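Structure, as structure tokens:
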Amino acid sequence: MAEESALWTEKYRPMTINNLIGMDDKLPHLKGFLKKRNLPHLLLVGPPGTDI
């Protein structure tokens with residue numbers, strides 16, 4: 001997809017787990033799921049683009 005026509009959400013979405021902001025208390029759980037290669041269905045919610 002061309003850079004100028006990319007959706008904002010795709011252009012600026014986190015590309016690694018370390019780029020997630022405002023979820024410091026949840027990241028260890030998410031990293032544990034990924035390490036075990038057992039990723040359950042997840043719904044991550046919060047204000048878009050903000051650090052709480």
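What the table below lists for this structure:
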{"item": "Leu7 paired with Lys31, simple spin-label distance in nm, labels 7 Å along Cα-to-beta-carbon", "result": "2.9 nm"}
{"item": "Per-residue Cβ neighbour rank within 10 angstrom, fewest leading, His29, His41", "result": "His41, His29"}
{"item": "Calculated from backbone phi, Karplus (6.51, -1.76, 1.60) coupling profile of region 14-31 in Hz, x at Gly/Pro", "result": "x, 9, 9, 5, 6, 8, 6, 10, x, 10, 4, 6, 9, 4, x, 5, 5, 5"}
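Every number in this text was worked out from the coordinates using simple rules, so none of it is lab data. Because the structure is predicted, anything quoted here is derived from the model rather than measured. With ideal geometry, Cβ positions are generated from the backbone for all residues, glycine too; neighbour counts draw on all protein chains shown.
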